[in-house]
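The values are calculated or read from the model by the stated rules, or taken from the named source; none is laboratory data. Predicted, not measured: the structure shown is a model, and the values here were computed from it. Backbone-built Cβ (ideal geometry, glycine too); neighbour counts: all protein chains shown. For accessibility, only protein heavy atoms count, side chains too; no ligands or nucleic acids. Shrake-Rupley method; radii C 1.70, N 1.55, O 1.52, S 1.80 Å.
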Amino acid sequence: RVKEQGKNNFQFYTPEMNEVVSRRMNLEIGLRKGIQKNEFTVHYQPQVDIPTGTVVGVEALIRWQHPKLGLISPAEFIPLAEETGLIIPIGEWVLREACRQNKAWQDAGLPPLRIAVNISSRQFQQSGFAEVVSRALKETGLESKYLELELTESIVQNSAHAISIMHELKGMGIFLSIDDFGTGYSSLSYLKLFPIDSLKIDQSFTRNLLQDSKDEALVHTIINMAHNLGLKVIAEGVETGEQLQYLLLRHCHEAQGYFFSKPVPPARISELLGEQIA
Ligand code: C2E
Ligand code: MG
Ligand code: MG
Ligand code: MG
(Lines give C-alpha, C1' and ligand atoms only; values in the text may rest on other atoms or scores of the structure.)
(Ligands and ions follow the chains in the order given, each with its own letter.)
Protein backbone atom coordinates (compact mmCIF):
# COMPACT_ATOMS: atom_id res chain seq x y z
CA ARG A 1 0.00 0.00 0.00
CA VAL A 2 1.37 3.37 -0.96
CA LYS A 3 0.19 6.18 1.24
CA GLU A 4 0.36 9.71 0.05
CA GLN A 5 1.80 12.05 2.64
CA GLY A 6 1.76 15.39 1.00
CA LYS A 7 3.50 16.30 -2.21
CA ASN A 8 6.20 13.93 -3.47
CA ASN A 9 6.26 12.19 -0.14
CA PHE A 10 5.21 8.59 -0.25
CA GLN A 11 5.35 6.14 2.56
CA PHE A 12 5.82 2.85 0.79
CA TYR A 13 5.83 0.53 3.78
CA THR A 14 2.89 -0.37 5.95
CA PRO A 15 3.72 -0.62 9.67
CA GLU A 16 3.90 -4.44 9.40
CA MET A 17 6.30 -4.21 6.47
CA ASN A 18 8.38 -1.74 8.45
CA GLU A 19 8.63 -4.22 11.25
CA VAL A 20 9.80 -7.01 8.94
CA VAL A 21 12.37 -4.78 7.29
CA SER A 22 13.71 -3.37 10.52
CA ARG A 23 13.98 -6.85 12.09
CA ARG A 24 15.92 -7.98 9.07
CA MET A 25 18.21 -4.98 9.23
CA ASN A 26 18.73 -5.49 12.95
CA LEU A 27 19.58 -9.13 12.36
CA GLU A 28 21.95 -8.34 9.54
CA ILE A 29 23.84 -5.75 11.59
CA GLY A 30 23.72 -8.09 14.59
CA LEU A 31 25.17 -10.99 12.61
CA ARG A 32 28.21 -8.90 11.79
CA LYS A 33 28.87 -8.15 15.45
CA GLY A 34 27.66 -11.46 16.82
CA ILE A 35 30.92 -13.33 16.43
CA GLN A 36 33.17 -10.75 18.11
CA LYS A 37 30.62 -10.35 20.89
CA ASN A 38 30.45 -14.11 21.55
CA GLU A 39 26.72 -14.30 21.03
CA PHE A 40 26.80 -17.61 19.23
CA THR A 41 26.93 -20.98 20.92
CA VAL A 42 26.70 -24.51 19.64
CA HIS A 43 24.30 -27.12 20.91
CA TYR A 44 24.71 -30.81 20.19
CA GLN A 45 22.16 -33.50 19.42
CA PRO A 46 23.02 -37.19 19.92
CA GLN A 47 23.01 -39.62 17.02
CA VAL A 48 22.30 -43.14 18.16
CA ASP A 49 23.28 -46.50 16.70
CA ILE A 50 19.87 -48.19 16.47
CA PRO A 51 20.75 -51.86 17.17
CA THR A 52 22.84 -51.09 20.26
CA GLY A 53 21.30 -47.82 21.46
CA THR A 54 24.71 -46.20 21.94
CA VAL A 55 25.51 -42.61 21.08
CA VAL A 56 27.99 -42.71 18.20
CA GLY A 57 27.85 -39.12 17.06
CA VAL A 58 26.47 -35.67 17.66
CA GLU A 59 25.25 -32.99 15.29
CA ALA A 60 26.45 -29.44 15.97
CA LEU A 61 23.61 -26.90 15.72
CA ILE A 62 24.30 -23.20 16.07
CA ARG A 63 22.35 -21.01 18.51
CA TRP A 64 22.23 -17.22 18.60
CA GLN A 65 21.35 -15.24 21.68
CA HIS A 66 20.69 -11.75 20.35
CA PRO A 67 21.13 -9.04 23.04
CA LYS A 68 17.75 -7.41 22.27
CA LEU A 69 15.77 -9.90 20.25
CA GLY A 70 16.49 -12.98 22.39
CA LEU A 71 17.12 -16.48 21.06
CA ILE A 72 16.89 -16.55 17.27
CA SER A 73 16.38 -19.77 15.34
CA PRO A 74 18.98 -20.81 12.76
CA ALA A 75 16.03 -21.35 10.41
CA GLU A 76 15.72 -17.55 10.42
CA PHE A 77 19.31 -16.32 10.53
CA ILE A 78 21.16 -18.95 8.48
CA PRO A 79 19.34 -17.96 5.24
CA LEU A 80 20.21 -14.31 5.98
CA ALA A 81 23.82 -15.26 6.67
CA GLU A 82 23.87 -17.09 3.34
CA GLU A 83 22.47 -14.10 1.43
CA THR A 84 24.94 -11.67 2.98
CA GLY A 85 27.97 -13.96 2.76
CA LEU A 86 28.35 -13.85 6.57
CA ILE A 87 27.86 -17.61 6.56
CA ILE A 88 31.55 -17.88 5.67
CA PRO A 89 32.96 -16.48 8.94
CA ILE A 90 30.05 -17.89 10.99
CA GLY A 91 30.35 -21.33 9.42
CA GLU A 92 34.09 -21.36 9.98
CA TRP A 93 33.55 -20.47 13.63
CA VAL A 94 31.05 -23.34 14.09
CA LEU A 95 33.39 -25.80 12.40
CA ARG A 96 36.30 -24.87 14.62
CA GLU A 97 34.21 -24.77 17.79
CA ALA A 98 32.72 -28.21 17.04
CA CYS A 99 36.15 -29.72 16.39
CA ARG A 100 37.54 -28.13 19.54
CA GLN A 101 34.63 -29.43 21.62
CA ASN A 102 34.89 -32.93 20.22
CA LYS A 103 38.61 -33.06 21.00
CA ALA A 104 37.91 -31.76 24.53
CA TRP A 105 35.42 -34.60 25.10
CA GLN A 106 37.99 -37.12 23.92
CA ASP A 107 40.69 -35.59 26.12
CA ALA A 108 38.29 -35.87 29.06
CA GLY A 109 38.21 -39.64 28.48
CA LEU A 110 34.75 -39.93 26.94
CA PRO A 111 34.18 -42.52 24.21
CA PRO A 112 35.13 -41.00 20.84
CA LEU A 113 32.28 -39.55 18.80
CA ARG A 114 31.88 -38.38 15.25
CA ILE A 115 30.84 -34.75 15.14
CA ALA A 116 28.58 -33.62 12.28
CA VAL A 117 28.73 -30.00 11.13
CA ASN A 118 26.22 -28.42 8.72
CA ILE A 119 27.87 -26.78 5.75
CA SER A 120 25.90 -24.40 3.55
CA SER A 121 26.43 -24.47 -0.21
CA ARG A 122 27.92 -21.03 -0.27
CA GLN A 123 30.46 -22.02 2.36
CA PHE A 124 31.28 -25.24 0.53
CA GLN A 125 31.81 -23.37 -2.72
CA GLN A 126 34.06 -20.64 -1.30
CA SER A 127 37.56 -20.96 -2.65
CA GLY A 128 39.87 -22.80 -0.30
CA PHE A 129 37.11 -24.57 1.65
CA ALA A 130 39.14 -27.77 2.01
CA GLU A 131 42.03 -25.76 3.49
CA VAL A 132 39.65 -24.13 5.98
CA VAL A 133 38.61 -27.62 7.13
CA SER A 134 42.14 -28.91 7.23
CA ARG A 135 43.24 -25.92 9.33
CA ALA A 136 40.36 -26.41 11.79
CA LEU A 137 41.44 -30.03 12.29
CA LYS A 138 45.11 -29.21 12.63
CA GLU A 139 44.59 -26.31 15.04
CA THR A 140 42.22 -28.25 17.31
CA GLY A 141 44.07 -31.57 17.08
CA LEU A 142 40.94 -33.51 16.10
CA GLU A 143 41.50 -36.56 13.89
CA SER A 144 39.68 -36.29 10.57
CA LYS A 145 37.79 -39.57 11.05
CA TYR A 146 35.84 -37.91 13.87
CA LEU A 147 34.54 -35.14 11.62
CA GLU A 148 31.47 -35.40 9.40
CA LEU A 149 30.29 -32.65 7.07
CA GLU A 150 26.57 -32.45 6.31
CA LEU A 151 25.98 -31.16 2.79
CA THR A 152 22.65 -30.56 1.07
CA GLU A 153 21.50 -31.63 -2.37
CA SER A 154 21.81 -28.01 -3.55
CA ILE A 155 25.59 -28.41 -3.92
CA VAL A 156 24.86 -30.71 -6.83
CA GLN A 157 24.17 -27.62 -8.93
CA ASN A 158 27.86 -26.97 -9.40
CA SER A 159 28.81 -30.57 -9.75
CA ALA A 160 32.26 -30.62 -11.37
CA HIS A 161 33.65 -28.21 -8.79
CA ALA A 162 31.76 -29.90 -5.93
CA ILE A 163 33.04 -33.36 -6.85
CA SER A 164 36.64 -32.25 -6.82
CA ILE A 165 36.26 -30.63 -3.39
CA MET A 166 34.49 -33.72 -2.06
CA HIS A 167 37.35 -35.91 -3.25
CA GLU A 168 39.79 -33.60 -1.55
CA LEU A 169 37.83 -33.89 1.73
CA LYS A 170 37.49 -37.67 1.35
CA GLY A 171 41.23 -37.85 0.77
CA MET A 172 41.70 -36.16 4.14
CA GLY A 173 39.61 -38.91 5.76
CA ILE A 174 36.49 -36.85 6.47
CA PHE A 175 33.01 -38.40 6.51
CA LEU A 176 30.47 -36.80 4.12
CA SER A 177 26.72 -36.98 4.35
CA ILE A 178 23.70 -35.61 2.51
CA ASP A 179 21.36 -33.78 4.89
CA ASP A 180 17.58 -33.46 4.39
CA PHE A 181 17.83 -36.23 1.81
CA GLY A 182 14.87 -36.38 -0.55
CA THR A 183 13.81 -32.74 -0.22
CA GLY A 184 16.04 -31.24 -2.93
CA TYR A 185 15.11 -31.17 -6.58
CA SER A 186 18.11 -33.02 -7.90
CA SER A 187 18.26 -36.22 -9.91
CA LEU A 188 19.51 -39.33 -8.15
CA SER A 189 22.43 -39.68 -10.52
CA TYR A 190 24.60 -37.61 -8.21
CA LEU A 191 24.61 -40.52 -5.78
CA LYS A 192 26.92 -42.42 -8.08
CA LEU A 193 29.07 -39.41 -8.88
CA PHE A 194 29.60 -38.00 -5.39
CA PRO A 195 31.93 -39.68 -2.91
CA ILE A 196 29.52 -39.61 0.01
CA ASP A 197 29.26 -41.91 3.03
CA SER A 198 25.78 -41.41 4.33
CA LEU A 199 22.20 -40.23 3.77
CA LYS A 200 20.14 -38.41 6.39
CA ILE A 201 16.43 -39.07 5.91
CA ASP A 202 14.65 -35.75 6.24
CA GLN A 203 12.43 -35.31 9.28
CA SER A 204 9.43 -34.48 7.09
CA PHE A 205 9.40 -38.17 6.02
CA THR A 206 10.02 -39.54 9.50
CA ARG A 207 7.28 -37.46 11.14
CA ASN A 208 4.24 -39.31 9.79
CA LEU A 209 5.99 -42.55 9.01
CA LEU A 210 3.37 -44.60 10.83
CA GLN A 211 0.32 -42.61 9.79
CA ASP A 212 1.03 -42.06 6.12
CA SER A 213 1.73 -45.04 3.88
CA LYS A 214 3.46 -42.81 1.31
CA ASP A 215 5.92 -41.54 3.91
CA GLU A 216 6.46 -45.12 5.00
CA ALA A 217 7.17 -46.14 1.40
CA LEU A 218 9.66 -43.30 1.01
CA VAL A 219 11.51 -44.06 4.23
CA HIS A 220 11.63 -47.76 3.43
CA THR A 221 12.90 -47.03 -0.09
CA ILE A 222 15.60 -44.62 1.07
CA ILE A 223 16.86 -47.17 3.62
CA ASN A 224 17.01 -49.92 0.98
CA MET A 225 18.66 -47.64 -1.52
CA ALA A 226 21.31 -46.69 1.04
CA HIS A 227 21.95 -50.38 1.74
CA ASN A 228 22.25 -51.16 -1.96
CA LEU A 229 24.67 -48.29 -2.50
CA GLY A 230 26.74 -49.22 0.54
CA LEU A 231 25.90 -45.99 2.34
CA LYS A 232 25.12 -45.43 5.98
CA VAL A 233 21.58 -44.22 6.63
CA ILE A 234 20.34 -42.12 9.53
CA ALA A 235 16.77 -40.99 10.25
CA GLU A 236 16.25 -37.46 11.53
CA GLY A 237 13.33 -36.24 13.63
CA VAL A 238 12.66 -39.50 15.46
CA GLU A 239 10.20 -38.59 18.19
CA THR A 240 8.54 -41.85 19.25
CA GLY A 241 9.46 -45.39 20.24
CA GLU A 242 7.16 -46.69 17.50
CA GLN A 243 9.12 -44.82 14.84
CA LEU A 244 12.35 -46.21 16.27
CA GLN A 245 10.90 -49.73 16.29
CA TYR A 246 10.00 -49.37 12.61
CA LEU A 247 13.49 -48.13 11.74
CA LEU A 248 15.07 -51.04 13.62
CA LEU A 249 12.92 -53.50 11.68
CA ARG A 250 14.02 -51.92 8.38
CA HIS A 251 17.70 -51.95 9.43
CA CYS A 252 18.15 -48.20 9.40
CA HIS A 253 21.58 -47.72 10.98
CA GLU A 254 21.20 -44.63 13.13
CA ALA A 255 18.57 -42.29 14.51
CA GLN A 256 18.46 -38.74 15.79
CA GLY A 257 15.55 -36.86 17.32
CA TYR A 258 13.63 -35.71 20.36
CA PHE A 259 12.92 -39.33 21.34
CA PHE A 260 16.54 -39.47 22.49
CA SER A 261 17.32 -35.84 23.15
CA LYS A 262 16.83 -32.30 21.90
CA PRO A 263 19.99 -30.43 20.96
CA VAL A 264 21.68 -29.62 24.30
CA PRO A 265 24.64 -27.59 25.59
CA PRO A 266 27.99 -29.45 25.60
CA ALA A 267 28.00 -30.13 29.35
CA ARG A 268 24.84 -32.19 28.96
CA ILE A 269 26.53 -34.37 26.32
CA SER A 270 29.40 -35.07 28.72
CA GLU A 271 26.83 -36.22 31.31
CA LEU A 272 25.02 -38.42 28.80
CA LEU A 273 28.23 -40.08 27.68
CA GLY A 274 29.47 -40.39 31.23
CA GLU A 275 26.29 -42.31 32.12
CA GLN A 276 26.84 -44.50 29.08
CA ILE A 277 30.28 -45.70 30.19
CA ALA A 278 29.42 -45.86 33.89
P1 C2E B 1 19.14 -29.67 10.09
O2 C2E B 1 20.58 -29.69 9.79
O3 C2E B 1 18.27 -30.58 9.29
O4 C2E B 1 19.04 -29.97 11.65
C5 C2E B 1 17.96 -30.65 12.25
C6 C2E B 1 16.95 -29.70 12.86
O7 C2E B 1 15.85 -30.47 13.34
C8 C2E B 1 17.46 -28.93 14.07
O9 C2E B 1 16.80 -27.67 14.11
C10 C2E B 1 16.99 -29.81 15.23
O11 C2E B 1 16.85 -29.10 16.45
C12 C2E B 1 15.65 -30.24 14.72
N13 C2E B 1 15.22 -31.53 15.31
C14 C2E B 1 15.99 -32.54 15.73
N15 C2E B 1 15.26 -33.57 16.19
C16 C2E B 1 13.97 -33.22 16.01
C17 C2E B 1 12.72 -33.88 16.29
O18 C2E B 1 12.65 -35.01 16.79
N19 C2E B 1 11.58 -33.20 15.97
C20 C2E B 1 11.62 -31.94 15.42
N21 C2E B 1 10.45 -31.35 15.14
N22 C2E B 1 12.78 -31.28 15.14
C23 C2E B 1 13.94 -31.93 15.45
P24 C2E B 1 17.61 -26.31 14.36
O25 C2E B 1 18.69 -26.53 15.35
O26 C2E B 1 16.60 -25.25 14.62
O27 C2E B 1 18.31 -26.04 12.97
C28 C2E B 1 17.56 -25.80 11.80
C29 C2E B 1 18.42 -25.83 10.56
O30 C2E B 1 19.34 -24.73 10.57
C31 C2E B 1 19.30 -27.09 10.45
O32 C2E B 1 18.54 -28.16 9.94
C33 C2E B 1 20.37 -26.60 9.49
O34 C2E B 1 19.92 -26.68 8.16
C35 C2E B 1 20.51 -25.14 9.90
N36 C2E B 1 21.70 -25.01 10.78
C37 C2E B 1 21.79 -25.18 12.12
N38 C2E B 1 23.06 -24.97 12.54
C39 C2E B 1 23.79 -24.68 11.43
C40 C2E B 1 25.17 -24.35 11.19
O41 C2E B 1 26.03 -24.32 12.09
N42 C2E B 1 25.53 -24.10 9.88
C43 C2E B 1 24.62 -24.13 8.85
N44 C2E B 1 25.05 -23.87 7.60
N45 C2E B 1 23.33 -24.45 9.04
C46 C2E B 1 22.91 -24.72 10.31
MG1 MG C 1 21.90 -31.16 9.65
MG1 MG D 1 20.86 -28.94 7.23
MG1 MG E 1 18.19 -32.20 8.26
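A 1.4 Å probe run over the chain, with the rest of the protein chains in place, finds 51 Å² accessible per residue. Surface composition of the chain: carbon and sulfur atoms hold 53% of the protein heavy-atom accessible area at a 1.4 Å probe.
Candidates L249, G182, S127 compared by Cα position along the dipole of the chain: farthest toward the positive end lies S127, with charges placed on Cβ.
Run through the DSSP bridge list for the chain and note the antiparallel percent, rounded to the nearest 5. Could you put the intermediate results ahead of the total?
Details: 18 of 39 bridges.
Around 45 percent of the beta bridges assigned by DSSP in the chain are antiparallel ones.
Per residue of the chain, what 222 nm ellipticity follows from adding -39500 (n - 2.57) for every DSSP H run with n ≥ 4, rounded to the nearest 500?
On the way: 11 runs with 129 residues, N = 278.
Estimated from H runs of four or more residues: -14500 deg cm²/dmol.
Comparing K103, K68, K200, which has the greatest mean-square fluctuation in the GNM of the chain with Cα pairs linked when under 10 Å apart? Maximum fluctuation in the GNM of the chain, among the listed residues, is at K68.
Note on the chain: dipole from Cβ charges, positive end direction compared against A60, Y258, P112; the farthest Cα belongs to A60.
Is the shape of the range 16-64 best called rounded, prolate or oblate, per the rule: a/c under 1.5 gives rounded, else a/b larger than b/c gives prolate, else oblate, with a ≥ b ≥ c the square roots of the Cα gyration tensor eigenvalues? The shape class here is oblate.
For the range 110-151, just say rounded, prolate or oblate: build the C-alpha gyration tensor, square-root its eigenvalues into a ≥ b ≥ c, call rounded for a/c under 1.5, and beyond that prolate if a/b exceeds b/c, oblate if not. Because a/c hits 1.5 or more and a/b fails to exceed b/c, the range 110-151 counts as oblate. With an a/c value of 1.5 or above and a/b not larger than b/c for the gyration tensor axes a ≥ b ≥ c computed over the alpha-carbon atoms, the range 140-278 is described as oblate.
Hey, what did the range 212-278 get for relative contact order, percent, Cα under 8 Å, at least 6 apart?
28 percent
Of the cross-linked pairs K33/K170; K192/K232; K33/K262; K37/K145; K170/K262; K68/K200, those separated by over 26 Å at the C-alpha level are K33/K170; K33/K262; K37/K145; K170/K262; K68/K200. Under a Gaussian network description of the chain, with springs only between Cα atoms under 10 Å, the residue in S187, S154, S204 that fluctuates furthest is S187. Under a point-charge model restricted to the Cβ atoms of Lys and Arg (+1) and Asp and Glu (-1), what is the dipole moment magnitude of the chain relative to its Cα centre, in debye to the nearest 20? Roughly 740 debye for the chain. Close amide H partners of A235, meaning residues 5 or more places away or on another chain with modelled amide H under 5 Å apart, are I201, E254, A255, Q256. When each full DSSP H helix of the chain is screened for a Cα extent of at least 20 Å along its own axis and an average Kyte-Doolittle hydropathy of at least -1.0, the helices passing are 15-34, 87-107, 213-229. Relative to its Kirkwood radius, the Cα radius of gyration of the range 46-181 gives an Rg/Rh of 0.97. Between S261, S213, S177, the GNM of the chain built on Cα springs shorter than 10 angstrom shows S213 fluctuating the most.
Give the relative contact order (percent, whole number) for the range 134-194; include only Cα pairs under 8 Å separated by 6+ residues.
Working: 52 pairs, mean separation 26.2, N = 61.
This gives 43 percent for the range 134-194.
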